[in-house]
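Undergrad: For reference, the structure I am asking about is given below.
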C-alpha cells in the first residue's frame, strides 16, 4: 500500500475527520465533502469550511487535502467558485453531457484567473468498455476518478456498487501522462488490494463501505481499512 492515495468521502463532522486521520499513514490524505443537496451525505459549504479550518489547525497541507464533490454545479461563475476557495480540489461528479470538456476547461480557467491553488478532478461513472474512451477528452483535469454507474435516480456516488473488474485494466490507457487515477465504488478492506492491482490506480475513494449510516463513519470499518498500511 505504499504511495497509494486514500480519499475518504462524505465527511460531515469534525470527529469523523479526526478519526480518519488518526488511522491514516498516507500523506496527503484526501477528505471529501459532498455539496450535492440530494445526497444523504450533503454538507453545507459553511459547515465544511468550519471542519477544514479546525483540521488545518492540527495538520499541515502536506498531510491533509480537502475535496469538494460537485454534481452539475456551475463553477464557471466566479462568485460560486470563490465561495469554495477553502478547498484543495474541485471534484466534478456529474453528467458528462453537462460537465463536458469545454465546461471543465472553463472551470479550470476560472480557478486560474482567481489565482487559486485548486486541483480539478473529473469523475466518470463507467458501465461499458467503450465509455472509457471518453476519459481521453478530458486532458485539462489533474486527476480522473472512475466510479460505478447507479441506475437509482439522483445517485451520483456512495452507492456501494463496484466498477466491473473486467473494465479496471483498461482505464489507465485513456489517461494523459500527468493525470492520477482514483477508483471508487464498493471498495472495502477485503477487496482494495485486488482493485489496485487490476487498475494500477494511484488511489482509492471510499465512502459508504466505511459507514455505520450515511455520512457517519464507522470506527471499526475505518480501522480495518487502514490496518494493512501499518
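No lab work stands behind these numbers, since they all come straight from the coordinates. Note that this is a predicted model, so its numbers are computed, not measured. Cβ coordinates were reconstructed from backbone atoms using ideal geometry, including for glycine residues, and neighbour counts include every protein chain displayed.
Undergrad: Please provide three numbers in whole Å: the alpha-carbon extents of the range 1-99 along the principal axes, with the largest listed first.
TA: 37, 28, 25
Undergrad: Ok, one more. Report the Stokes-Einstein translational diffusion coefficient (µm² s⁻¹, integer) for the range 89-223, Rh taken as the Kirkwood radius over Cα pairs, at 10 °C with viscosity 1.306 mPa s.
TA: My calculation gives 102 µm²/s for D.
Undergrad: At 222 nm, what helix-only mean residue ellipticity would the chain give, in deg cm²/dmol to the nearest 500, using -39500 (n - 2.57) for each DSSP H run of four or more? Mind showing how you got there, number by number?
TA: On the way: 7 runs with 63 residues, N = 230.
So the calculated ellipticity at 222 nm is -7500 deg cm²/dmol.
Undergrad: Separate question: What percent do you get for the relative contact order of the range 5-227 when only Cα pairs under 8 Å and 6+ apart count? Can you show the working numbers first?
TA: Numbers: 415 pairs, mean separation 42.8, N = 223.
Relative CO of the range 5-227 lands at 19 percent.
Undergrad: Calculate the length of the line joining the C-alpha centroid of the range 191-230 to that of the range 1-71, in whole Å.
TA: Cα centroid of the range 191-230 versus Cα centroid of the range 1-71: 14 Å apart.
Undergrad: Report, to two decimal places, the Cα Rg of the chain normalised by 2.2 N^0.38 Å (N = number of residues). Show your work: numbers first, answer last.
TA: On the way: Rg = 16.3 Å, N = 230, 2.2 N^0.38 = 17.4 Å.
For the chain, the normalised Cα radius of gyration comes out at 0.94.
Undergrad: Which peptide among 186-196, 55-65 comes first, and what is the full order, when sorted by highest mean count of other Cβ atoms within 10 Å? Mind dumping the intermediate values first?
TA: Values: 186-196: 16.5, 55-65: 13.7.
Those peptides, ordered most packed to least, come out 186-196, 55-65.
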